[in-house]
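Asks: Got a structure here, written out as structure tokens. Questions coming.
All of the numbers you see were taken from the coordinates with simple rules; none came from a lab. Fair warning: this is a prediction, and the values are worked out from it, not measured in the lab. Backbone-built Cβ (ideal geometry, glycine too); neighbour counts: all protein chains shown.
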Amino acid sequence: MRRRISPTMLRLVLAIFALQLASSAAAIFFLRGQMNEVVRADRLRQLADVRDDLLATYYEGGRPALEAMIANRRGSAADPGVFIALSGYGATGQSPARPPVLRNLSQVPALPISSSARPVTVHRGADLPSLEGLTLTGSLPDGERLTVGVMGLGERRFNLAFATAIGLTISVAVALAMLSALLLWLVIGRRTHQIAQTAAELAQGNFGARVPEAEAGDGFDHLRIQINSMAERIDSLVSQLSSVSGALAHDLRSPVARLTAAIDTALVVVDGQGAGGTTRALEALQAARADAEGLRRMLETALEITRLEGGAIQDRRVPLDLCAIAQDLVELYEPLAEQAGITLVAQGDPAIVPCDRELVSRALANLIDNAMKYGGRNVRVSTVMLGAGAEISVADDGPGIPKADRARVVERFVRLDNARTLPGGGLGLAMVAAVARLHGGELVLGGDEGLVATLRLPA
């Protein structure tokens, strides 16, 4: 109940009420204006018809016929909404004034002769209310004045009907406003309930929950798309996390076993053979130290990827030239490349984008290291500036990565079968992808012959 009478809902109801009332009032006032024009046109037409009938009677039978028509209420003179006044002197001006002939009037209106209709107040008698009307005043050939008019009885009734319509409009507007607000509340409540229910299922661990599609194109639809995208991202991360344990156990089993065996050997040799086993014990301990260092680096890289994906890294982005970073790293890796018989070159134009030098350098170092370790004999690092950002690519002529596995190898602890015999933990490309996402870019793996790993960063 509290949600139904909340200030937001109350403001919504009042806004809908005001809009509907204003629109209804505007429509009625517009209709009233149009109807008034129609009524006025009808009155003018009626006024002209009555005048023409009276003049026709006058020209056919003279004043006696006209006076008889007015007095006996014949023809158009019988209309209760018509008033007539015939007054004045004879044509010669010598005869005494004739008494006026009146119809629906108590006195002759004092109006000048005019060919156009004029508004006038009609006095019908002491015990009758005065009315507004339209009148035409003309002169007959004998000098008498003929005043013809129509009273505004229809307009008065129309104004009364308009006042009634206003009251009815207010009642209907209130009912429609309440109904519209209720329907809107139900629609909004249903959409928000779906979103809240999906969020509750996600909070309970059901990462496959999605907000049902509506395709309405409104703000709720945009919110639905974003929540579903978030749910898909969470589902992907959880799926990766669930698969990490198996891959991690598989990849760590050999170094852990070697570490355990080396330490056991060292203990046995040192304890059972005395000083003669010192050399062998030293070698075993050195091997154990190397494996332990490998495990440490693997765990540190995994933790760093977690920090990158969680946004726990301080923003240290400044405009830097990717071409200069690439040349520095190529110079750093050149001695190793020469020892391995690998040709390592850097090329490209200046490409300045805002980035974290340390993170981008580590990502590029991982790409170069992978190319030298798993690629062929030629490795090329290139940079290019694009309209929306820049790209830095590392290409090799090795066996490459099958297209079906390219989306999978950027996940943590994923190693292809042909790479399990070489040192590594399956975290290099995952770290590069995390750096790319932190910068708002992406890591793209391509190439038909060999592998081309491209790090795209926005400008």
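Asks: Nearest 0.05, what FRET efficiency do Val38 and Leu111 give at R0 = 30 Å with Cβ-Cβ as r?
Replies: 0.70
Asks: Based on the mean of other beta carbon atoms within 10 Å per residue, what is the order of 31-44, 347-360, most packed first?
Replies: 347-360, 31-44
Asks: Kindly rank 449-457, 52-60 from highest to lowest mean number of other beta carbons found within 10 Å of each residue.
Replies: Averaged packing, sorted descending, gives the order 449-457, 52-60.
Asks: Hey, another quick one. Spin-label point model (7 Å from Cα, Cβ direction): what's the Phe162 to Arg258 distance in nm?
Replies: Reported label-point gap for Phe162 and Arg258 is 9.9 nm.
Asks: Provide the gained length on full extension for the span Arg437 to Ile225, in nm with one decimal, where the gain is 0.36 nm per separating residue minus the Cα-Cα distance.
Replies: 74.3 nm
Asks: Give me the distance in nm between label points sitting 7 Å out from Cα along the Cα-to-Cβ direction at Lys403 and Ala25, one decimal.
Replies: 6.8
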